[in-house]
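Have a look at the structure below, then the notes.
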Amino acid sequence: MRIPAIKSSLPGRPAAILSAVALLLAMGLGLYLQSLRAGPAQPIPFSHNLHVTSKKLNCFFCHPYATESSNAGMPPVEKCLLCHNVIAAQWEPIAKIHKYKRMGKGIPWVRVNKVPDFTHFSHQAHLAREFDCGVCHGNVAEMDRVYQANKFTMGFCVDCHKENNASIDCYTCHY
Ligand code: HEC
Ligand code: HEC
Ligand code: HEC
Ligand code: HEC
Ligand code: HEC
């Protein structure tokens, strides 16, 4: 039995519409997948892409403790105001920075990267070995909204420890 040729039986117009719909669906899926890559909404729409890639600010200018302590540290409001007392000071998202300053509280940034409490991690030892931030955090410099580039599964940590002859003793990371 011969299978009828469905495609050739469609007149040109509906075929074009069908492919246009398929294209729109594909684009929609693309946007959706991209939105999954965007991290959580933050209280202020801070963009690393703008501040690091366009304005050439160094990571350590805002995360100064990464080499010395377990926490990389978040910049205090005052650091933003070094520039934003003047730059775009009236603009709504920037006015919000001034509001947090007046309230005397830090900006309540939503945490993106986290290991469970029973797991020990410190930036210090890793940066002393000169690993780039991107090995673990991806290309933050080009992110408009920070997302977690790598899941910090045990395998992620242990694999790299093995590759670099670092300890894989349970007590290194769990105590
Ligand atoms: C002008 C200040 C500034 C600079 C420069 C900066 N950051 Fe940030 N960073 C922030 C702020 C504010 C947040 C919190 C809001 C957010 O997630 O965007 C943050 C968040 C992050 C986070 C997510 C923290 C979490 O909750 O897990 C990572 C990772 C990070 N930055 C890495 C970098 C790296 C790598 C660089 C250099 C390429 C860099 N940052 C440069 C201000 C800065
Ligand atoms: C070295 C100066 C400098 C510092 C420090 C700085 N910014 Fe900016 N920021 C800028 C410049 C320049 C612009 C671009 C303004 C424009 O487009 O007119 C900008 C734009 C912004 C915008 C506008 C949104 C966007 O992405 O277009 C936000 C929000 C912002 N900054 C938040 C912050 C926060 C929060 C901090 C502190 C963690 C900070 N900035 C620290 C220079 C700075
Ligand atoms: C070996 C992997 C690794 C490298 C390299 C690394 N980080 Fe992290 N970073 C992490 C992990 C894991 C966390 C979550 C830590 C936790 O939950 O205690 C984290 C958390 C953070 C945070 C969130 C808040 C905080 O203060 O801890 C910031 C900001 C950050 N890193 C910035 C940086 C910057 C900037 C660099 C480069 C100078 C860097 N990291 C290099 C793995 C890494
Ligand atoms: C890019 C490779 C790499 C990744 C990824 C990595 N580590 Fe490490 N880690 C190392 C190396 C190398 C050392 C040994 C540093 C030294 O002592 O010279 C180390 C040391 C450590 C130490 C002991 C030093 C200290 O701070 O007490 C702990 C704990 C640790 N890592 C936890 C983690 C955890 C948890 C993760 C996953 C979230 C992780 N590491 C991911 C390479 C890595
Ligand atoms: C280099 C760091 C590192 C070492 C070494 C390590 N772990 Fe883990 N472990 C982790 C991280 C990170 C997590 C959290 C995983 C997550 O949240 O998905 C974890 C999670 C766990 C969990 C919770 C269940 C799970 O799988 O998420 C158990 C149980 C555990 N580890 C046991 C061990 C034992 C036993 C050893 C020694 C054989 C060990 N770990 C060595 C980093 C490490």
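How many residues are farther than 15 Å from Phe46 by Cβ and either in contact with a strand residue (DSSP E or B) (Cβ under 8 Å, 6 or more places away or on another chain) or at pLDDT 90 or above (or both) if we restrict to the range 105-121?
Of the residues in the range 105-121, 9 are farther than 15 Å from Phe46 by Cβ and either in contact with a strand residue (DSSP E or B) (Cβ under 8 Å, 6 or more places away or on another chain) or at pLDDT 90 or above (or both).
Of all residues in the range 96-111 being of a type in the set (Lys, Arg) and in a loop (DSSP other than H, G, I, E, B), which is nearest to ligand 5 (Cβ to nearest atom)?
Restricting to residues being of a type in the set (Lys, Arg) and in a loop (DSSP other than H, G, I, E, B), the top hit is Arg111.
What pairs can you find where one residue is in the range 121-142 and over 12 Å from Cys157 (Cβ atoms), the other is acidic (Asp, Glu), and their Cβ atoms are less than 9 Å apart, with a gap of 6+ or different chains?
Between residues of the range 121-142 that are over 12 Å from Cys157 (Cβ atoms) and residues that are acidic (Asp, Glu), the close pairs are His123/Glu68; Gln124/Glu68.
Given (1) more than 8 Å from ligand 1 (Cβ to nearest atom); (2) surrounded by 13 or more Cβ atoms within 10 Å (Cβ to Cβ); (3) at pLDDT below 90, where does Ala72 come up short, assuming only one miss?
(1)
Taking Pro93, is it more than 7 Å from ligand 3 (Cβ to nearest atom) and assigned to a loop (DSSP other than H, G, I, E, B)?
no
Residues in the range 155-163: is at least one away from ligand 5 (no atom under 11 Å from the Cβ) and modelled with pLDDT of 95 or more?
For the range 155-163, residues away from ligand 5 (no atom under 11 Å from the Cβ) and modelled with pLDDT of 95 or more: present.
Among the residues of the range 99-135 satisfying the criterion of being in contact with a His (Cβ under 8 Å, 6 or more places away or on another chain) and surrounded by 10 or more Cβ atoms within 10 Å (Cβ to Cβ), which is nearest to Met74 (Cα to Cα)? Spell out how you get there, then give the answer.
To start, the set of residues in the range 99-135 that are in contact with a His (Cβ under 8 Å, 6 or more places away or on another chain) comprises 113, 118-120.
Then drop every residue that is not surrounded by 10 or more Cβ atoms within 10 Å (Cβ to Cβ), which leaves 113, 119-120.
On the way: Asn113: 13, Thr119: 21, His120: 19 Å.
Here the answer is Asn113.
Any residue at all in the range 112-124 that's within 16 Å of ligand 5 (Cβ to nearest atom) and part of a helix (DSSP H, G or I)?
Checked the range 112-124: at least one residue is within 16 Å of ligand 5 (Cβ to nearest atom) and part of a helix (DSSP H, G or I).
Given Lys96, Lys151, Lys105, Lys114, which one is within 14 Å of ligand 1 (Cβ to nearest atom) and over 21 Å from the mean Cα position of the chain (by Cα)? Give the derivation first.
On the way: Lys151 fails: over 21 Å from the mean Cα position of the chain (by Cα); Lys105 fails: within 14 Å of ligand 1 (Cβ to nearest atom); Lys114 fails: over 21 Å from the mean Cα position of the chain (by Cα).
Going through Lys96, Lys151, Lys105, Lys114 in turn, the sole match is Lys96.
The values are calculated or read from the model by the stated rules, or taken from the named source; none is laboratory data. What you see is a predicted model; the values in this text were computed from it and never measured. So basically every Cβ, Gly included, is an ideal-geometry build from the backbone, and we count neighbours across all protein chains shown.
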